[in-house]
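Working notes for the structure below.
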Amino acid sequence: MKPLVELTEAEWPVIKVVWETEPCTAPAVQEKLQKSTGWTYSTVRTLMDRMVAKGLLKAKKEGKATIYHSAVTRREAQHGELFYTLKHAFNGALAPMVQCLLESKDLDASELAKIEALLEAGKTRARANKK
């Protein structure tokens, strides 16, 4: 099983820009993030190089430029974030986490129907795995 992807708070904005624009360069990412973060090129480049070392991004030299690609999918990152929260904030207990989400958000009938369908699909998979 692949290890969980864990991104820091600073890595999230970077990976989101990479997903939107890949392949991309550090200057292009810095330009997109400048207004919301105020980060300089050297800050973004350092973050991206660390993300390469962590296996979150891939980098390839093309002439003088370094071209970056994501090494993790959005789904992998979301999965890692969810399980990090589940482990640390809810001691691994899923029901209280779901209860917290349901109580803290106004859900319309459409969202509730989607959640119910996901639960039913999960029940079906669990029954099939028992056999």
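The values are calculated or read from the model by the stated rules, or taken from the named source; none is laboratory data. Fair warning: this is a prediction, and the values are worked out from it, not measured in the lab. With ideal geometry, Cβ positions are generated from the backbone for all residues, glycine too; neighbour counts draw on all protein chains shown. Surface accessibility is based on the protein's heavy atoms, side chains included, excluding ligands, DNA and RNA. Shrake-Rupley method; radii C 1.70, N 1.55, O 1.52, S 1.80 Å.
Key figures for this structure:
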quantity: Failed criterion for Ile67 (all others in (1) surrounded by 12 or more Cβ atoms within 10 Å (Cβ to Cβ); (2) under 25 Å from Gly122 (Cα atoms) hold); calculated: (2)
quantity: Subset tally (residues that are surrounded by 12 or more Cβ atoms within 10 Å (Cβ to Cβ) and in a helix (DSSP H, G or I)) for segment 90-101; calculated: 6
quantity: Leading residue by the ranking (nearest to Ala10 (Cα to Cα)) among those in segment 44-68 that are in contact with a strand residue (DSSP E or B) (Cβ under 6 Å, 6 or more places away or on another chain) and in contact (Cβ under 8 Å) with a residue 40 or more places away in the chain; calculated: Met51
quantity: Flag if Gly122 is assigned to a loop (DSSP other than H, G, I, E, B) and either modelled with pLDDT of 90 or more or under 28 Å from Pro3 (Cα atoms) (or both); calculated: no
quantity: Residues that are open to solvent by 50 Å² or more (accessible area, probe 1.4 Å) and either part of a strand (DSSP E or B) or in contact with a Lys or Arg (Cβ under 6 Å, 6 or more places away or on another chain) (or both), drawn from segment 53-64; calculated: Lys58, Ala59, Lys60, Lys61, Glu62
quantity: Unmet criterion (only one of (1) modelled with pLDDT under 90; (2) outside any loop (DSSP other than H, G, I, E, B); (3) open to solvent by 80 Å² or more (accessible area, probe 1.4 Å); (4) farther than 26 Å from Glu11 by Cβ) for Leu112; calculated: (3)
quantity: In segment 28-52, the residues that are surrounded by 13 or more Cβ atoms within 10 Å (Cβ to Cβ) and farther than 24 Å from Gly80 by Cα; calculated: Ala28, Gln30, Glu31, Lys32, Gln34, Trp39, Tyr41, Thr43
quantity: Unmet criterion (only one of (1) surrounded by 12 or more Cβ atoms within 10 Å (Cβ to Cβ); (2) charged (D, E, K, R); (3) not in a helix (DSSP H, G or I)) for Asp106; calculated: (1)
